[in-house]
Each structure stands twice: as C-alpha cells, then as structure tokens.
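Colleague: This is the structure I have questions about; it appears just below.
Here, each number is a calculation from the coordinates, and none is a lab measurement. None of the values given here were measured: they were computed from a predicted structure. Here Cβ is always computed from backbone atoms with ideal geometry, including for glycine, and neighbour counts include all displayed protein chains.
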Amino acid sequence: MTRPRLISLLGSYGVVLALLLLILFGWARYDYFVGLFNITSVLRYNSMFALVALGMCFVIMTGGIDLSVGSTAALGSVVAALASPQGAWIGLGAGVGAGLCVGLINAILVTRLKIMPFVATLAMMLAASGTALLLADNQSVSVSYESGFTSIGQDNFIGFPIPAWIAIMTYVVGWVVLNFTSTGRGVLAVGGNEDATRLMGLPADRIKFLVYLASGGLAGLAGVILASQFGAGQPIEGVGWELFAIAAVVVGGTLLTGGVGSVGATLAGVLLLGILFNVLNFENGKGWISLSAYWQSVIRGLFLLVVVILQAKLSSRGSVAVRDY
Amino acid sequence: MILRLASALIGRWLFFGISIAMPEPSDAFRIGFAMNTDNLLSMTAIDKRFAGIPALSGASFAVGRGEVHALIGQNGAGKSTLIKVLTGYYKRDAGEVVFDGKPFEVSSPQQAQASGISTIYQEINLVPYRSITENICLGREARRCGLLDWKRMHQEAEALLQRFNVRADVRRPLMEFNTATQQMVAIARAIGFSAKLVIMDEPTSSLDEREVAVLFNVIRQLKQEGVSVVFVSHKLDELYEVCDRVTIMRDGRTVKTAAMNEIDKIGLVSAMLGRAIERAEGHATAFSDRDEKKIGKVLLSAENLAINQIVQDVSFNVRSGEIAGFAGLLGAGRTETARLVFGIDRPRAGTMIFNGQTFDPNKPSDAIAAGMGFCTEDRKSEGIVPDMSVAENMMLALMPKLSKSGVIDEKAQRDIVERFIRQLGIKCSGPDQKVRELSGGNQQKVLLGRWLAMNPRLLILDEPTRGIDVGAKAEIQALIKTLADQGLAVLMISSELEEVIEGADRVFVLREGISVAEFDRDEATEDAVMSAMAHGSAPTVAGAAP
C-alpha cells in the first residue's frame with residue numbers, strides 16, 4: 001500500500017478511529033461506561049439521530065440539504081401518538097406517513113419547482129413544526145399504552161433495544177442501496193456533477209426526488225421512536241436535530257458539496273457525537289467539575305471542529321476516498 | 001530571429017504530424033471516398049432561431065459511414081448549435097435530419113445516445129469523484145440478482161479501455177488521472193453505448209502532443225470499425241491528419257464542404273472568415289487613418305511568454321499611443337497571453353518589461369497598480385455586475401484608490417461617473433440605472449469607463465466589439481482610436497480580421513500558442529495576415545521588433 005493511499009484510508013476512517021479512541025477513554029475512566037445499561041441506553045437514544053442522519057447523508061450526497069428533519073420528526077411523533085390508540089402498527093405507519101408527506105413536498109419543491117434545497121426545506125421546517133403544534137394543541141400528546149405502541153421504543157429484542165435494531169436494519173438497507181443499486185450510484189453522480197449526470201442520460205431529478213422522500217420517511221420513523229420511547233408525541237422536540245444530523249454526516253467524511261459519502265462513516269459519526277455527549281455526562285457524574293449544558297455544547301462544537309479539521313488535513317494530502325469493490 | 005525560431009518549431013510539429021499520419025494513407029483514402037455515396041447522417045436546410053435571431057439558417061451537413069468529418073468555423077459560426085440540434089438538445093425550427101436511413105427525431109441527448117449518436121464534450125463531462133468504472137458504466141450497470149455486479153463492471157471497463165491501450169486502475173476515482181486518460185474514459189463511455197456516430201467537440205484542446213497522437217489512433221481505430229466521427233477543432237493541422245472531409249460554417253450557414261486533400265489551409269481560413277483573398281476596397285470599420293507620429297516609446301514588451309500548450313512562445317510589444325492587434329484563430333492563445341500580461345495567470349517562462357522596468361505581476365491588482373486595464377472577452381461573466389448601477393460598475397476598480405481611509409468619497413465618485421458617461425456617450429437614464437438594462441454597446445462603454453477612470457497607460461481590449469450592434473460597434477472603434485490618439489497604449493484582440501487590420505498600427509499573429517508574425521500597418525493586408533494565421537509564415541515577413 002502506497003503512502004498516499006494509506007493517508008486517504010486514514011482520512012476516510014478517521015471518524016472510526018476517533019470513535020474507538022473515545023470509547024477507550026470512557027472505558028478507562030468511568031466505571032459503568034462499558035456496562036449493559038449504559039450501552040443499551042446510548043443506542044436506544046441515538047437510534048433516532050441515526051435514522052435522521054441516514055436520510056441527511058443521502059440528501060447531502062446529492063449536493064442538497066434537508067433542514068426540515070427535526071420538525072418532521074416532531075410532527076411524526078405527534079401523528080404517531082394520535083394514531084397509537086388504533087394499534088401499534090397503525091401508529092408506526094401514521095408517523096412514517098407524516099414524514100413521507102413532508103418529504104414528498106420537499107421533493108416536489110426541489111425537483112419540480114426548482115427551489116433551492118436550503119430554502120425549500122427551511123420553509124418546510126417551519127411548516128412541519130407549526131403543523132405539529134397545531135395537531136398537538138401546543139402540548140405533549142400522550143400515547144396509548146394499551147395498544148403496545150410503547151414497545152417499539154422501550155422493549156428489547158434478543159437483549160438489544162428495538163430502536164437500535166430498526167436503525168441497524170435501515171443502515172444495512174442504506175448501505176446496499178448506495179453501493180449496489182444504480183440509484184445509489186446515481187446519488188453520488190448527481191452530487192459529483194449534476195450536468196454530466198444529465199448528459200449521461202441518468203434520471204437526475206428522480207434520484208433527487210427519492211432522497212428527499214426517504215429523508216422525510218426516516219425522520220418520521222425517528223419521530224415514531226421518539227413518541228414510543230418517551231410515551232408522548234413531542235411537538236417541541238426535534239429542535240437542532242438537523243444540525244446534529246449534518247454534523248454526524250460531515251464528521252463521517254461526506255462532502256457537503258455532494259458526490260462523496262459513506263453510510264458506514266455516517267453511523268460512526270452519529271455514535272461519535274452521541275458517545276461524546278455520554279462521556280460528558282459521565283464526567284459530570286464524577287463530580288470533579290460540573291459542566292452546564294452550555295459548556296457541553298461548547299465542548300461538542302470544539303470537538304466537532306477538531307475532527308473535521310483533522311479529516312480535511314488528512315484527505316487533502318491523500319485523495320478523496322472511494323470505496324473499492 | 002523570433003520568426004525563425006517560431007517556424008522551426010512549427011516545422012517540427014508538422015513533421016511530427018506527418019510521421020504519425022503516414023501508416024495507412026491509402027486505406028483512409030479509400031474508405032473516405034467509398035463512403036461519400038452512403039451517408040450515415042444527413043442534415044438538410046436546418047434553421048434554428050433564438051428569440052428571433054437566427055443561429056442556423058439553412059445549414060446542411062452530411063457524414064458518411066466510417067468517415068471522419070471535420071466541422072470548423074469561427075466562434076459563433078453555429079457549430080455547437082448544429083451539434084446540439086443533432087443531439088436533441090435544441091429543437092430545430094426547420095429542416096430535416098436523416099440518420100442511418102431513417103428520419104431522425106430526438107428530443108434529448110439521452111434519446112440521441114440510444115439511437116447511436118454519442119457526444120464527447122470539450123470540457124470533460126464526467127463525475128471526478130467517482131471511479132472510472134462508475135463513469136463508464138453509469139446508467140447501464142451490470143446487475144446480478146437485482147444488485148450491481150461490481151466485478152463484471154470493472155472487467156467491462158478494463159476491457160473497453162484496453163481497446164485504446166489505456167491501462168488504469170478502474171477502481172480509482174477519475175480525478176486522480178491525467179486529462180488524456182479522462183478523455184479516453186469519456187470516449188470509452190461514448191463508444192460503450194454502441195455508437196454509430198461519435199461527435200468530438202475540440203477533443204485535443206487540453207491534450208499534449210503525445211496524448212493527441214494516442215487520440216488520433218483511437219479515431220483511426222473507430223473509423224476502421226465503421227464508426228463515423230465528427231471532429232470539431234480549431235487546429236487546422238490536426239484536420240489534415242485524421243479527417244477525410246471538412247465542412248466549414250460561417251454565420252449559421254455551412255459555406256463549404258470539401259475533401260481534406262482538395263483544400264489547403266488558406267482555403268479553410270478564408271472560408272471561415274468569409275474573405276476572398278483579394279482585399280476589399282474601402283474601410284469597413286470606424287478606425288479612420290491614424291496619425292502615426294503620435295506613437296511614442298515602447299511601453300510594454302514581452303519576450304517568449306509561455307504557460308502551457310496554449311501559450312508556448314509569444315513575444316510582442318506595445319508603444320504608447322499605439323494600437324497593437326492580436327490576430328489568430330480561436331485557441332491561438334490570444335486571450336491567454338492577455339491574461340498573463342494582466343497577472344491573472346502566471347507564466348511558466350518569459351519576461352515582460354513595462355515602462356522600463358521588469359514586470360512580473362502576481363495578481364491583477366499588481367497590473368492595475370502598474371497602470372493597466374483589461375476589458376475581458378466575456379463581458380457578462382467576467383466584466384459587468386448586471387444588478388449594480390452604472391456608477392457602481394464604473395467605480396469597482398477605482399474603489400481602493402478613492403477610499404483612502406475606507407470611506408468612499410461620494411462627491412468625487414459622482415463627478416468621475418458623470419464625466420465618463422458624457423465622454424463615452426453612454427446612453428443611460430443616469431448613473432443609478434442598472435447595467436443589466438443597457439444595450440451591449442453601452443455595457444461595453446461602462447467597462448471602458450471603469451478602466452479609463454483608473455487613468456491607465458495600457459488598456460487590453462479582448463474582443464471589444466463582440467455581440468454589439470453595428471452602430472455601437474463603430475462608436476466603440478472610434479472611441480478606441482481617440483484614446484490611442486491621446487497617448488494610451490492599446491492591446492486589442494479581435495477575431496474580426498478587418499477590425500485588427502484597419503484598427504491596429506501593428507498586428508501580431510498568434511498561431512497555436514506561438515507569435516508567428518508581426519506586420520506594420522502597411523504590410524498588414526488580409527492575405528498576409530490570413531496566411532500567417534493558417535501557415536505560421538507570411539509572404540511578406542516583417543522584421544523583428546524595433
């Protein structure tokens with residue numbers, strides 16, 4: 001392996017490396033960090049972000065952005081909570097359906113009406129948030145405990161939280177779609193050079209349509225898990241989720257301009273940010289210093305910057321990583 | 001001396017060209033001719049208008065099976081429009097197209113591709129971040145059990161490239177490879193679509209000699225396999241190497257089609273420019289006879305400038321109060337030379353002396369500080385800011401000077417703007433009108449005003465009258481003359497032969513990146529300049545620079 005290739009490999013797996021270092025750090029420093037309870041609760045909580053980040057990853061790979069995911073998740077949670085008395089599956093379907101509706105509107109705005117993704121999804125972020133508040137009458141909507149809806153977010157399957165199973169399955173599907181279907185390769189081609197993609201005869205608009213739709217659906221699914229996990233539809237949750245998702249995607253080495261990206265690295269990015277949050281909580285628990293939520297925010301921001309700068313340095317010396325098959 | 005060096009270089013180039021063209025002349029000859037009767041493509045009487053302005057009027061174009069057909073013409077002659085009509089990018093207004101024996105109606109490049117017409121665009125239209133395999137196979141991937149079969153796609157891509165003797169790791173991203181390989185990937189992609197006709201739009205513009213030789217071998221190979229090629233290029237020598245026939249376009253018409261071995265370069269150039277070799281009488285431009293006594297000392301002299309294959313060896317000089325003209329075909333390196341002078345690009349070799357001192361600008365602001373101005377060829381994208389007002393556009397370059405302490409002196413600004421609106425005769429409702437709303441000629445005057453406000457000593461004008469109507473053209477030309485009479489040194493690039501010949505006090509002819517000839521006003525006849533543009537040497541050769 002030549003030196004530039006090694007560096008480029010480090011660049012693309014830098015996020016995995018950082019993740020491992022962080023886990024080792026937590027393991028060495030805190031007693032209960034690598035304990036079943038902590039692991040399952042971190043996974044349970046972060047699976048929502050993982051779903052949102054997966055959708056975001058696909059949107060960003062086409063060179064777009066989806067700012068509406070946070071409020072879409074909030075809307076999904078409210079709709080799911082409202083529908084949950086009809087049954088767990090109906091609640092699930094309703095929440096995902098609400099997300100797909102938002103995604104559909106985004107897709108139409110971006111591909112048919114040619115509105116810039118930033119503007120279109122910003123508008124939808126406000127609209128979805130408002131709809132969630134209207135439907136919920138400005139308060140949390142309690143879910144039905146009789147229908148078994150709460151199992152989705154709170155139960156385990158083979159000793160593993162169900163939300164984590166859902167996230168893992170969607171990531172596997174996402175990975176296959178990206179790497180082994182023509183639509184997936186089209187996603188990267190559109191982001192890399194949209195004009196060329198059109199001239200090559202690929203359905204650029206259809207590909208973009210699909211990613212916004214998927215992003216909405218995944219945000220809706222995250223909303224279902226939110227409602228189920230906390231026992232209530234949360235119209236005011238989801239604030240800043242889009243930024244968390246973008247951060248996770250970027251930390252995973254996906255270019256904001258599109259054309260380069262990885263599903264696996266995005267998952268690593270989500271875990272990195274989630275576990276960093278977890279580590280900071282443990283640090284507070286030790287009682288040496290007390291970090292307020294504000295300080296935690298500052299530290300997370302700085303950490304994010306360090307990882308991104310490192311990655312930029314590494315990959316500019318090597319080359320952009322492309323998966324080899 | 002310079003001339004001798006230049007012609008030696010050209011001689012070598014020609015020799016090189018001939019030596020690789022030699023192998024199979026009789027073959028090429030036979031195929032070329034046998035095919036003329038059986039056309040793969042024929043376009044007849046094509047009309048295309050944009051907003052009522054004709055881009056094509058009655059253009060006709062035919063390509064035989066297995067023929068390599070050159071399509072040439074000046075900028076704006078209609079080559080790209082013709083190609084885009086063929087590939088379904090534009091819809092024609094009138095005329096008929098027959099391809100492969102059937103009437104041909106397509107409404108998109110995709111459909112054209114599916115019917116067997118592939119286009120390789122000048123700027124390589126691929127996805128740089130993705131692997132070679134993906135770039136070749138995108139849109140027609142191999143599948144197994146519904147999922148992509150990477151192994152087979154890699155093999156196919158490798159096999160396609162090997163046909164052209166290109167060995168490359170098809171798994172690596174395209175951006176890691178040189179331009180020639182990228183070009184081959186583009187060609188492989190085009191041919192992989194089982195093309196019957198491949199259109200190459202200036203495929204050699206970014207290749208070096210060796211890479212061009214490889215490309216030409218590919219073209220010959222295509223030809224042998226019965227694939228027809230439409231070859232668009234500005235480098236005349238290349239046409240003689242690979243093409244069987246040539247069609248020349250001018251003003252939206254196809255003015256001439258000839259077998260390559262029946263037309264010489266002068267014939268090509270004069271058909272492109274639409275000038276008979278005999279000189280037309282009378283003045284066609286507003287550059288009336290100039291008073292040459294006002295011409296002063298040499299202000300800028302450049303020796304042996306080079307940057308890449310586009311500018312290889314250019315030497316010239318401009319004197320105060322003089323209009324020096326650059327003549328040459330598209331791609332001869334005129335604009336690129338101007339960019340070197342103005343510090344936009346950095347030369348790889350060569351020296352410049354400006355106003356008696358060594359001049360080596362790092363960036364445009366160095367050139368501006370030294371007293372230069374540059375009106376670019378592409379007024380829309382590099383010159384004006386359409387949504388800013390006349391005043392703001394005019395002040396852009398001057399701003400740093402006027403605002404010494406960071407505060408802009410409104411009064412001084414107004415005075416200057418109003419003076420230039422008056423002096424240049426800019427027709428606008430006032431300094432606050434948006435430049436977008438002005439005519440092309442008046443936009444150009446605003447740009448002139450921008451540089452004149454800097455009180456420059458040398459003004460570089462790249463195609464100063466392009467896209468401007470006849471009346472305004474004469475006004476701009478008269479203005480340039482007046483400015484030179486007042487002592488300004490002007491370096492004027494123009495693709496309109498008469499503008500250079502009548503306007504310039506001295507004409508420098510560039511050909512394929514080399515300054516091949518220099519003419520004084522008396523020597524600069526149309527046939528002399530055209531001959532230098534075509535061959536690199538002239539019947540009447542001027543001496544070295546004074």
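Colleague: Please give the average number of partner chain Cβ atoms lying within 10 Å of the Cβ of each residue in A:256-264, rounded to a whole number. Let's see the in-between values first.
Modeller: Values: counts 0, 1, 1, 5, 4, 1, 0, 0, 0.
Partner-chain Cβ atoms within 10 Å, mean over residues of A:256-264: 1.
Colleague: At what distance in angstrom do the alpha carbon centres of the range A:11-51 and the range B:438-500 lie from each other?
Modeller: Using only Cα atoms, the two centres lie 67 Å from each other.
Colleague: To continue, here is another question. Under 5 Å between amide H atoms, partner at least 5 residues away or on a different chain: which partners does B:Gly73 have, H built in plane at 1.01 Å?
Modeller: For B:Gly73, the qualifying residues are B:Met249.
Colleague: Hey, what's the Kirkwood Rh for the range B:387-455 if you take every pair of different alpha carbons, in angstrom? Provide the component values of the computation, followed by the final result.
Modeller: Numbers: mean 1/r = 0.0846 Å⁻¹.
Kirkwood radius, the range B:387-455: 11.8 Å.
Colleague: Averaging over every viewing direction, what projected area does the convex hull of the Cα atoms of the protein assembly as shown cover, in nm²? Numbers along the way, then the final one.
Modeller: Numbers: hull surface 176.5 nm².
Its Cα hull, projected and averaged over all orientations, spans 44.1 nm².
Colleague: Express the relative contact order of the range A:3-317 as a whole percentage, based on alpha carbon pairs under 8 Å and six or more residues apart in sequence. Before the final figure, lay out the partial values.
Modeller: Values: 593 pairs, mean separation 108.1, N = 315.
Contact order relative to length: 34 percent.
Colleague: If you average the sequence gap of Cα pairs under 8 Å that are 6 or more apart and divide by the length of the range A:45-97, what percent do you get for the contact order? Numbers along the way, then the final one.
Modeller: Values: 31 pairs, mean separation 12.2, N = 53.
Dividing the mean separation by the residue count of the range A:45-97 yields 23 percent.
Colleague: Give me the base-10 log of I(q)/I(0) for chain A at each q in 0.11 Å⁻¹, Debye formula, one uniform scatterer per Cα, rounded to two decimals.
Modeller: -0.70
Colleague: A further question on this structure: Net charge within 10 Å of A:Phe180 by Cβ-Cβ distance, Lys/Arg positive one each and Asp/Glu negative one each, not counting A:Phe180 itself? Mind dumping the intermediate values first?
Modeller: Details: positive: A:Arg185, B:Arg143, B:Arg144; negative: B:Glu141, B:Asp149.
Local net charge: +1.
Colleague: Debye calculation, C-alpha points only, no solvent: report log10 I(q)/I(0) for the range B:75-192 at q = 0.09, 0.13, 0.15, 0.18 Å⁻¹, in the same order as the q values.
Modeller: The calculated log intensity ratios at q = 0.09, 0.13, 0.15, 0.18 Å⁻¹ are -0.31, -0.61, -0.77, -0.96.
Colleague: Taking the inverse of the average 1/r across all pairs of different Cα atoms in the range A:66-180, what Kirkwood radius in Å do you get? Spell out each step's value before the answer.
Modeller: Working: mean 1/r = 0.0646 Å⁻¹.
This gives a value of 15.5 Å.
Colleague: Then there is this: Would you be so kind as to identify which of B:Ala186, B:Leu126, B:Ile136 lies farthest towards the positive end of the dipole of the range B:117-194, taking Lys and Arg as +1 and Asp and Glu as -1 on Cβ and the Cα centre as origin?
Modeller: Of the candidates, B:Ile136 comes out farthest on the positive side.
Colleague: Here is a follow-up. Per-residue mean of other chain beta-carbon atoms within 10 angstrom of the beta-carbon, peptide B:143-155?
Modeller: Values: counts 3, 1, 1, 2, 7, 8, 2, 5, 1, 0, 2, 2, 0.
Counting other chains' Cβ atoms within 10 Å and averaging over B:143-155 gives 3.
Colleague: Along the three principal axes, how long is the range B:196-235 when you take its alpha carbons, biggest first, rounded to the nearest angstrom?
Modeller: 27, 17, 11
Colleague: While we're on this one: Counting only other residues whose beta carbon sits under 9 Å from that of B:Asp244, what net charge do I get with K and R as +1, D and E as -1?
Modeller: +1
Colleague: Same structure again: Once Rh for the range A:236-305 is found with the Kirkwood sum over Cα pairs, what is the Stokes-Einstein diffusion coefficient at 25 °C and 0.890 mPa s, in µm²/s? Kindly include the intermediate steps, with their values, before the conclusion.
Modeller: On the way: Rh = 13.1 Å.
Here the translational diffusion coefficient equals 187 µm²/s.
Colleague: Give the average over all directions of the projected area of the C-alpha convex hull of the range B:127-178, one decimal, in nm².
Modeller: Averaging across all directions leaves 3.6 nm² for the Cα convex hull.
Colleague: Now a separate question. Given +1 on the Cβ of Lys and Arg, -1 on the Cβ of Asp and Glu, and no further charges, what dipole in debye does the protein assembly as shown carry about its Cα centre, rounded to the nearest 20? Display every interim value, and only then the final one.
Modeller: Numbers: 79 positive and 82 negative charges, 307 e Å.
Here the protein assembly as shown has a charge dipole of around 1480 debye.
Colleague: Roughly how crowded by other chains is peptide A:186-198, in terms of the mean Cβ count from those chains within 10 Å of each of its Cβ atoms?
Modeller: On the way: counts 4, 0, 5, 8, 1, 3, 10, 8, 1, 3, 11, 5, 4.
For peptide A:186-198, the averaged partner shielding equals 5.
Colleague: For a bin width of 5 Å, list the pair-distance distribution of the range B:347-387 built from all Cα-Cα distances, rounded to whole %.
Modeller: Over the range B:347-387, the share of Cα pairs per 5 Å bin runs 5, 19, 20, 21, 16, 10, 5, 2 percent.
Colleague: Sort A:Cys101, A:Cys57 by Cβ crowding within 10 Å, fewest neighbours at the top. Write down the numbers at each step before the final one.
Modeller: Details: A:Cys101 20, A:Cys57 31.
With the fewest neighbours first, A:Cys101, A:Cys57 line up as A:Cys101, A:Cys57.
Colleague: Something else about it: Tell me, Kirkwood radius of the range B:89-131 from alpha-carbon pair distances, in Å? Walk me through the numbers before you get to the answer.
Modeller: On the way: mean 1/r = 0.0800 Å⁻¹.
For the range B:89-131, the Kirkwood estimate is 12.5 Å.
Colleague: Let me check against my output: what whole-number percent is the relative contact order of the range A:20-134, with C-alpha pairs under 8 Å and at least 6 apart?
Modeller: Result for the range A:20-134 is 26 percent.
Colleague: Further, regarding this structure: With point charges of +1 on the Cβ of Lys and Arg and -1 on the Cβ of Asp and Glu, referenced to the Cα centre of the protein assembly as shown, which listed residue (A:Met56, A:Gly258, A:Ser77) lies farthest in the positive direction of the dipole?
Modeller: Checking the options against the dipole of the protein assembly as shown, the answer is A:Ser77.
Colleague: Listing A:Lys208, B:Lys363 from the residue with the fewest other Cβ atoms within 10 Å to the one with the most, what is the order? Intermediate values should be presented prior to the final figure.
Modeller: On the way: A:Lys208 25, B:Lys363 12.
Taking fewest neighbouring Cβ atoms as first place, the list is B:Lys363, A:Lys208.
Colleague: Have a look at the DSSP beta bridges in the protein assembly as shown and tell me what percent are antiparallel, nearest 5. Please report the intermediate quantities before stating the final value.
Modeller: On the way: 47 of 83 bridges.
Among the beta bridges of the protein assembly as shown, antiparallel pairing accounts for roughly 55 percent.
Colleague: Now for a separate question. Anything in chain A that counts as a DSSP H helix reaching 24 Å or more along its axis (C-alpha) with Kyte-Doolittle mean of at least -0.5? List them, would you? Walk me through the numbers before you get to the answer.
Modeller: Details: long enough: A:3-29 (35 Å, 1.40); A:36-61 (35 Å, 1.60); A:88-107 (28 Å, 1.58); A:117-136 (28 Å, 1.82); A:162-180 (26 Å, 1.74); A:204-230 (39 Å, 1.15); A:263-286 (35 Å, 1.20); A:293-317 (36 Å, 1.05).
Membrane-span-like by this criterion, though nothing is claimed about a membrane: A:3-29, A:36-61, A:88-107, A:117-136, A:162-180, A:204-230, A:263-286, A:293-317.
Colleague: At a 10 angstrom cut-off on C-beta neighbours, averaged per residue, how do the peptides B:239-248, B:177-186 rank from highest to lowest?
Modeller: Details: B:239-248: 23.3, B:177-186: 19.6.
Ranked from most to least packed, the peptides come out as B:239-248, B:177-186.
Colleague: With 15 Å as the cut-off, how large is the P(r) tail for the range B:432-526, expressed as percent of Cα-Cα pairs? Working shown, then result.
Modeller: Working: 2859 of 4465 pairs.
The answer is 64 percent, as a whole percent.
Colleague: Order by neighbour count: B:Asp415, B:Asp462, fewest other Cβ atoms within 10 Å first, most last.
Modeller: Values: B:Asp415 11, B:Asp462 23.
The most exposed by this proxy come first: B:Asp415, B:Asp462.
Colleague: State the Cα centre-to-centre distance between the range A:130-159 and the range A:166-180 in whole Å.
Modeller: The range A:130-159 and the range A:166-180 have Cα centres spaced 25 Å from each other.
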